[in-house]
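Down below is the structure, laid out as structure tokens.
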Amino acid sequence: MTTNRTFTMIKPDAVEKGHIGAILEKINSAGFKIVAMKFTQLSKGDAEKFYEIHNERPFFADLVQFMTRGPIVAAILEKENAVEDFRALIGATNPAEAAEGTIRKMFATSISENAVHGSDSDENAAIEGAFHFSGREVY
Ligand code: GDP
């Protein structure tokens, strides 16, 4: 079942550099509707749980350190084919490999500090959205 929703975070690097507005503009221009949004900061425990799937990877500690070092914007986005279309809008994990015009190409600096998160499946979009938002925070 497709839900037409995906989950995103504007990561600490992009927030620090003042890119929140420009990234939200790209998201809106691409036809995504924001149905939930908050400015928040992940605790160490939050980041370890959110990225649990990567806990055996060599970069896990760096990833947790990065994702907790400052505030993020978390949001649930709605659009037909949301997960796939949003992954296309953000571009490859490594900005050096991301296509021109993608959010990561424009705003990311490295494979770790890559500006935005986008869910990789409908199932993960639902899990990640529920991690950050209660039902009454989704409109
Ligand atoms: P995504 O789905 O495109 O975000 O990529 P992954 O699920 O593979 O990785 C999750 C996040 O871990 C990425 O967005 C990066 O922030 C970080 N990451 C991935 N690969 C590396 C790496 O090789 N080194 C470091 N330091 N961080 C990485």
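Which is the longest stretch in the chain that no exposed loop site breaks, taking sites as GluC sites (Glu not before Pro) with a DSSP loop state and at most 13 other Cβ atoms within 10 Å? Write out the running numbers ahead of the final one.
Values: sites that count: Glu56, Glu80, Glu100.
The reported range is 1-55.
Helical runs (DSSP H, four residues minimum) scored at -39500 (n - 2.57) apiece and divided by the length of the chain put the mean residue ellipticity at 222 nm at -11000 deg cm²/dmol. Here the relative contact order of the chain, from alpha carbon pairs under 8 Å that lie six or more residues apart, stands at 38 percent. Measuring only protein heavy atoms, the 1.4 Å probe finds Asp13 accessible over about 0 Å².
The calculated FRET efficiency for the pair Ala30 and Ala92, based on their C-beta separation and a Förster distance of 25 Å, comes to about 0.90.
Here the accessible area is traced with a 1.4 Å probe on the protein chains. For the chain, carbon and sulfur cover 52 percent of it. Segment 35-103 and segment 1-30 have their alpha-carbon centroids 9 Å apart. The residues of segment 29-139 expose on average 55 square angstrom of accessible surface per residue, using a 1.4 Å probe on protein heavy atoms.
Between Val138 and Thr40, the C-beta separation translates, for a Förster distance of 22 Å, into a calculated FRET efficiency of about 0.90.
Could you tell me whether segment 35-139 comes out rounded, prolate or oblate from its Cα gyration tensor? Rule is a ≥ b ≥ c as square roots of the eigenvalues, rounded for a/c under 1.5, then prolate if a/b exceeds b/c, otherwise oblate. Because a/c hits 1.5 or more and a/b fails to exceed b/c, segment 35-139 counts as oblate.
The values are calculated or read from the model by the stated rules, or taken from the named source; none is laboratory data. Please read these numbers as outputs of a predicted model, since none were measured by experiment. Backbone-built Cβ (ideal geometry, glycine too); neighbour counts: all protein chains shown. Keep in mind that these areas ignore ligands, DNA and RNA; they rest on the heavy atoms of the full protein, side chains included. Shrake-Rupley method; radii C 1.70, N 1.55, O 1.52, S 1.80 Å.
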